[in-house]
1. Provide 426, 372 in ascending order of the number of other Cβ atoms located within 10 Å of each residue's Cβ, fewest first.
2. Using only the alpha carbons of region 271-330, determine the length spanned along each of the three principal axes and report them from longest to shortest in whole angstroms.
3. Which of the peptides 717-723, 666-672, 46-52, 392-398 is most tightly packed, and how do the rest follow, judged by the mean count of other Cβ atoms within 10 Å per residue?
4. Provide the convex hull volume over Cα atoms per residue for region 601-654, in Å³.
5. What is region 30-83 by shape, rounded, prolate or oblate, if you read a ≥ b ≥ c off the alpha carbon gyration tensor as root eigenvalues and call it rounded for a/c under 1.5, prolate for a/b larger than b/c, and oblate otherwise?
6. Where does the chain land at 222 nm, in deg cm²/dmol rounded to the nearest 500, when only DSSP H runs of n ≥ 4 count, each adding -39500 (n - 2.57), divided by all residues?
7. Need the C-alpha centroid separation for region 110-133 versus region 523-560, integer Å.
8. Bins of 10 Å, beginning at zero and ending with the bin holding the largest distance: percent of Cα pairs per bin for region 150-190, please.
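Every number in this text was worked out from the coordinates using simple rules, so none of it is lab data. As the structure is a computational prediction, the values presented were derived from the model and not from experiment. We place every Cβ from the backbone using ideal geometry, glycine too, and count neighbours over all the protein chains shown.
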């Protein structure tokens, strides 16, 4: 690998080299100096992104960019922490806090140099300000935002309550709870899982009875759609996420992983492919770095603003993460008291400075367990976001600095005792692979339906880490995950995420049987962007029996023939994929609209109704009979005819149909096909080569801002630094 040795710094306590793609390697005499060098290199490559990231995380975008950002900043203020609280969270780290100080020192060293040599990003002068000093609190705030985005889940109780209000006004009427059970199921035994781990002692997941659910809903204070909608938006930090996406800061959750142990590996070395899916922006939301110091050797992916390699490789182990999607946050309610000074709530004042406009003065109310997301005037109640991560987000990153020093998969699994919800995957140089479902999980009070808000006094007790599923060297020598259900006995709780049809099926179908190579993993990473999630195997039998080309004429007959040829591949230009996608969308309306309405629009219906409940409805395995007296084949045929008419109206005859699989926008404005891939992808053979890709490039500008674009187009990789 060609090296840029000329970049070794003269007066700094670390050296900086860059490979032919501009990826920095920091070499220092101590780990803290290496982290200082990391901050320096990141600020060389992504100073403007750092600026945006800290402003979004700390809620002061309006100060520089004006009133369009008031909604985002307001939500951050209401849900976020004060400087004193961030300081206290850093204090939880003990000596590890010094990593934050070293990283900030490196960023500030780079800022000073770039000010002096007039090499600041041009966006500073365009917006009329200069970068202020980077602080440890800036990094802590970014850690909080990252932890909540990728290492958390839940808060779906208000959304489910909103669903019940909607359903009560639909033809389903008094049977609305049957519809809720169909759409927001507690547990699906057919959902694909990461590993076969027996139920661990102490874990309790008994769903509420129908009577208990009805009693709970009756006790919830009254509200309406106009109160609940903005509360749902606030609880999900939707405004902040939209701003982050628009400005190239982490906004999307996903990620897949494939690991092969020596028993399944063609080379007898453990193999690992990790593909965190965090969105595709210009520049990338992630960065790459390599650090070397006595006791520290690591290379891989970092997120600008956070010290340490989050996904990568050390001397003896390699690891990757996928979001765990666990329900770690509940919405609880307090009935207001008549007292003027209710000690349960603390109200704080804040001000948002707005460029070119008057400041906005805000209040936020919090409790000991979390922030208030709804102060209901109708029900005289306060709804609070109660999270297992409350004031523990920064602590969740402690393992990042320890992992590179570990020697085995077994010790790495033990080290991942973190509060964040992640699937942690590790491979070691001895050929072992392992997985742990990380997070601090809570036992809900018995007798309550976890899908809906509960009174704040309902018990919420943390489990010990002994209930976290994990496995070392699973039978078969293979681990695969795409944010799917961890084990068979783990429920959805408040969010219907895991069902029979889940995208991990596409990943597993893309791997060949027998011994596996690095090339097999790379091919699978390419194929999964083009495969259906697996639903087609369930629906095609009904389609073949219900859609007969001989029954139609002209364009409709051709559409029927195309549909029958569909084989689960959603490749660019495919006509069969177009009609299959249109049919499934129309089938949801055909099946559910008569009883449940359109959920305000067909677009909302497509988002709310997943393929798993559609499958159950077609097979008459739901609480409600959505098909009526019609056979599944009759329903499918009707949906096909309607979908075809719409397609012909919108796109013309089938000869003009062409499936668009989405893509990644390159800096030159062109589109790289197939966007359903990792933002960063690492492919590692332990005791062998390691490679990665993170287009468009490691820098914000210059040649290294675009030199990985072609790799993305070719599904190619570049060598990683050796740790």
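1. Working: 426 28, 372 22.
Placing the least packed residue first, the sequence is 372, 426.
2. The Cα atoms of region 271-330 stretch 43, 28, 25 Å along the principal axes, largest first.
3. Averaged packing, sorted descending, gives the order 46-52, 392-398, 717-723, 666-672.
4. Values: hull volume 5.8 nm³, N = 54.
Convex hull volume per residue, Cα atoms: 108 Å³.
5. oblate
6. On the way: 23 runs with 255 residues, N = 723.
Here the helix-only value at 222 nm equals -10500 deg cm²/dmol.
7. 55 Å
8. Using 10 Å bins, I get a P(r) of 25, 45, 25, 5 for region 150-190.
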